[in-house]
Amino acid sequence: MEANRRVRWGILATGGIAERFTTDLLTLDDAEVVAVASRTEASAKTFADRFGIPRAYGEWDRLFADEDVDVVYVATPHHAHREAAGRALEAGRAVLCEKALTLNAREAEELVTLSRDRGLFLMEAMWMYCNPLIRRIAELVRDGAIGEVRTVQADFGLAGPFAADHRLRDPATGGGALLDLGVYPVSFAQLILGEPDSVQAHALISPEGVDLNTGMLLGWSDSGASALLSCSLVADTPLTASVTGSLGRIDVPRGFFFPERFTLHRNGREPEEFESRNDPHSFRHEAAEVMRCLRAGETESPLVPLDGSLAVMRTLDAVRDRIGVRYPQEAAAQA
Ligand SMILES: NC(=O)c1ccc[n+]([C@@H]2O[C@H](COP(=O)([O-])OP(=O)(O)OC[C@H]3O[C@@H](n4cnc5c(N)ncnc54)[C@H](OP(=O)(O)O)[C@@H]3O)[C@@H](O)[C@H]2O)c1
């Protein structure tokens, strides 16, 4: 792609996050939204009218076949990520796919293999990894500012309530706290420490069979480090994170996945404050990273590497194994 051409986006699905992401995209001078697809013509048309998008499709494949689309943003519920992103890649489109990348690690492997085999860009929409302060925290830890990491703590819990027909309550759409919210603390811990080799978990399970309140203990046997993480759909947790090492600690206040500040405590020194005013258009960092990669001809983002997304999916699978949550598609696949 020529370095100075505007990147042409196609939006897949017309729900909550698709609206927020499209709103942010439209504030970027080097992006344009050229098409939207939905399962229904009417939703596609309503969305297109609202955002001034030239083409509205009531079938996904028409979006994937649209030669004017450089990159498809997949904003369906989790269970449809594999199919939507897979079909887009098969049609030759680059893909930004909402988090968690898929329902499970097997599906994530399939997508990553497809993108690598075809030499096409794929990225999980883990916008937290594109946030400048989160990147700064990872850098400080890598540079030894707090010594050897001993523990990570992070939580993401929202009390809802979520109506009975909400996708978060439905196992068939990959509902529950883990894939929507738990993916953040797990991704945060793995940004700092990599993939754990021990996973323990405990959860409250809903009558429908999704996790409502989940505690996770991850372990790294080489260093003896651990991470204590939680996610919830029935409790408003602090939404904070901290990383403690042998020489100090980093505390990230409420909203750790999109921080405006954090504090570095080095043992025996005055605390150091790091601040960066957040962009009110919170998804611009990840959109900019996708467009940078496309212009540079990179098929994987170094900020949100596919191997990292795969490792997170393996941890989420291990958590579900411990708490006994299986999505109906997985039971059907094994039968
Ligand atoms: N990055 C973030 O901060 C963030 C925030 C919230 C959610 N998310 C992620 O974004 C994804 C969608 O979440 P959301 O909150 O936007 O959900 P949502 O409001 O329920 O919207 C999802 C959209 O997907 C389509 N859809 C619904 N059921 C479907 C099905 N059975 N098969 C295929 N498509 C279906 C619908 O669009 P059509 O009717 O147009 O087909 C629906 O509007 C999830 O993976 C979630 O984790 C990310």
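The values are calculated or read from the model by the stated rules, or taken from the named source; none is laboratory data. Keep in mind the model is a prediction, meaning the values are calculated, not measured. Using ideal geometry, Cβ is built from the backbone for each residue, glycine included, and neighbour counts are taken over all protein chains shown. Side chains included, ligands, DNA and RNA excluded: accessible areas come from the protein's heavy atoms. Shrake-Rupley method; radii C 1.70, N 1.55, O 1.52, S 1.80 Å.
Things to note:
- Enumeration of residues in the stretch 12-30 that are more than 9 Å from the ligand (Cβ to nearest atom) and not acidic (Asp, Glu): 22, 23, 25, 26, 27, 28
- Counting the residues of the stretch 150-173 that are open to solvent by less than 40 Å² (accessible area, probe 1.4 Å) and under 17 Å from residue 216 (Cβ atoms) gives 5.
- Given (1) more than 13 Å from the ligand (Cβ to nearest atom); (2) closer than 24 Å to residue 320 by Cβ, number of the condition residue 68 does not satisfy: (2)
- So residue 250, is it open to solvent by less than 40 Å² (accessible area, probe 1.4 Å), over 19 Å from the mean Cα position of the chain (by Cα) and modelled with pLDDT of 95 or more: yes
Conditions (1) loosely packed, with under 15 Cβ neighbours inside 10 Å; (2) of a type in the set (D, E, K, R); (3) away from the ligand (no atom under 14 Å from the Cβ), marked per residue:
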| site | (1), (2), (3) |
| --- | --- |
| 257 | no, no, no |
| 269 | yes, yes, yes |
| 288 | no, no, yes |
| 296 | yes, no, yes |
| 317 | no, yes, yes |
| 325 | no, no, yes |
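- The strands (runs of 3 or more DSSP E) located wholly in the stretch 13-115 that include 2 or more residues which are within 16 Å of the chain's Cα centre (by Cα) and modelled with pLDDT of 95 or more occupy 71-74, 94-97.
- Unique match (being outside the structural domain of residue 25 (by TED's automatic domain parsing) and farther than 30 Å from residue 318 by Cα) among 229, 294, 217, 239: 294
- Residue match in the stretch 36-50 (condition: open to solvent by 40 Å² or more (accessible area, probe 1.4 Å) and farther than 30 Å from residue 169 by Cβ): yes
- Residue among 96, 114, 133 that alone is crowded, with 17+ Cβ neighbours inside 10 Å, assigned by TED's automatic domain parsing to the domain that holds residue 225 and in contact (Cβ under 8 Å) with a residue 12 or more places away in the chain: 133
- Residue in the stretch 144-155 that is within 16 Å of the ligand (Cβ to nearest atom), farther than 30 Å from residue 253 by Cα and outside any helix (DSSP H, G or I) present: no
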